[in-house]
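I have placed the structure first, in the form of structure tokens, so that the comments after it can refer back to it.
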Amino acid sequence: MRLKIAVLAGDGIGPEVTHQATNILRAVAELGGHEFTFVEGLIGGTAITKTGSPLPTATLDAALECDAVLLGAVGDNKFNALPPDKRPEAGLLQIRQALGGFANLRPSIAYTALSESSPLRPEVTKDVDILFVRELLGGLYFGAPRWWDRESNEAINTMRYTRDEIVRVARVAFELASNRRQKVTSVDKANVLEVSQLWRATVTEVAKDYPSVTLEHQLVDSMAMHIMNIPRNFDVVLTENLFGDILSDEAGVITGSLGMLPSATIGGAVNLYEPVHGSAPDIAGTGKANPLGAILTAAMVLRHSANLEQDAKAVEAAVNKVLNAGYRTADIARGQQPGQTPVSTQEMGKLVHQALAESIDRRQAMHAV
Ligand code: IPM
Ligand code: MN
């Protein structure tokens, strides 16, 4: 298996967590005899500082030539005063649009070992396994018109969707649900917004092609509550862009930390992989960042771009093993619990690497027998 991966580490903790993720991908390549090559590029605040642009042409050209893009994080307080189209985040939105992936998959899983890391009671989070399918190229993020008139003190953003944009992301949600627990929960605000009425009507139509999958509709405000109350009720959750942004951060509470959440964006020319957490400039360079979100994102690269499902599962199992053994970065440590060992970003990456190497060695030994 050959795979060319663009690595855009970005800002803040982006480079340190991405480094751990690429280490894991290198290990998988080496252990499995695959050829993964990595091409580095600038994005975000780092790119603005070095080139004046949050997404330099060289980065985009390189990304479009790769099989997958692995991104760290963008965002730097230094640029807070700039208008949205000049900020580091603009680079992220531009590359999302250019790569064309419209379905952003964000799994939210409750790890047994972390049941004490979540402020929710263990009986609420037990066995939760939600997959958010967030539409990534439409809605308020990209709709026109958009402006801020400083004279009149008026500003506007537009939530716009076409039927086709809804159909294609809904199909992804139903396909994924077909291989899971056969349920799609579609989120909207159809009691107030016309866009949501179109969303609901379209998703209902698409559902007819998937008779084995149950479809339910939830209004976004009550969905925000249900996710905390009865997260176990949800399998695949389909949302428009901004609702998915908000709800997926909220669902981080189930896992115990935003630092644990991976994502993959599929459906375009090149798949884009990024942990859900941001650049966390306050802890950058301190060794406190949790690399597991980035490492689990690497597992999604293996699953969705390399078709190496077994290796993806091996990475996820290695993460589980390390958590079960009690190793914790600062964000998932709860006080001074017995049986827990605090570790740095780098140590956590190394532990996952070791656990992975052991499991792949075992697999190969079994095949050799
Ligand atoms: C995310 C982030 C981004 C988004 C920002 C950094 C533009 O919050 O990936 O969830 O809003 O999509
Ligand atoms: Mn977000």
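Since every read-out is calculated from the coordinates, none of them should be taken as a lab result. In this text, all values refer to a predicted model and were calculated from it rather than measured experimentally. Note: ideal-geometry Cβ built from the backbone for every residue, glycine included; neighbour counts use all protein chains shown.
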Long-range amide H partners of Lys183, meaning residues 5 or more apart or on another chain whose placed amide H is closer than 5 Å, are Thr214, Val236
Here the residues of the stretch 95-113 lying in the modelled label zone of Thr341, meaning backbone nitrogen under 19 Å from a point 7 Å along Cα-to-Cβ, are 113
Computed ³J(HN,Hα) along the stretch 150-164: with the Karplus parameters 6.51/-1.76/1.60, θ = phi - 60°, integer Hz and x for glycine or proline, the list is 6, 6, 8, 6, 10, 9, 9, 10, 10, 8, 10, 9, 9, 4, 4
Of the stretch 258-299, those with amide N under 13 Å from the point 7 Å along the Cα→Cβ vector of Leu64 are 269-270
Ratio for the chain, C-alpha Rg to 2.2 N^0.38 Å, reads 0.98
Pseudo-spin-label distance Thr51 to Val192, built 7 Å along Cα→Cβ, given in nm, is 4.0
Neighbours of Thr329 by Cβ distance under 13 Å: Lys/Arg at +1, Asp/Glu at -1, summed charge +1
With the 8 Å Cα cutoff and a minimum separation of six or more residues, the stretch 119-255 has a relative contact order in percent of 38
The summed charge of the Lys126 Cβ neighbourhood (under 13 Å; Lys/Arg +1, Asp/Glu -1) stands at -2
Eigenvalues of the alpha-carbon gyration tensor of the stretch 119-255, times 5 and square-rooted, give semi-axes in Å, largest first, of 27, 20, 11
With a ≥ b ≥ c from the Cα gyration tensor eigenvalues, square-rooted, and the rule rounded for a/c under 1.5, otherwise prolate when a/b > b/c and oblate otherwise, the stretch 23-181 is oblate
Largest-first semi-axes in Å of the equivalent ellipsoid built from the Cα gyration tensor of the stretch 105-187 are 35, 21, 8
If amide H atoms are modeled at 1.01 Å from N in the peptide plane, then the residues at a separation of 5 or more from Ala280, or on another chain, having amide H under 5 Å from its own are Ile13
Counting lysine pairs in the chain that sit 8 or more positions apart or on different chains, with Cα atoms under 27 Å apart, gives 21
Ordering 148-159, 117-128 by per-residue average of other C-beta atoms within 10 angstrom, highest first, gives 117-128, 148-159
Across Ala264, Ala173, Ala62, the residue with the highest GNM fluctuation in the chain (Cα network, 10 Å cutoff) is Ala62
Loop-resident GluC sites (Glu not before Pro) in the stretch 1-108 with no more than 11 other Cβ atoms inside 10 Å, DSSP not H/G/I/E/B, are Glu65
Over all Cα pairs of the stretch 20-77, the Kirkwood radius sets Rh, and Rg/Rh then becomes 1.06
Ala58 neighbourhood, Cβ < 14 Å, K/R = +1, D/E = -1, net charge -2
Expressed in nanometres to one decimal, the distance between label points 7 Å along Cα→Cβ at Glu358 and Asp249 is 3.7
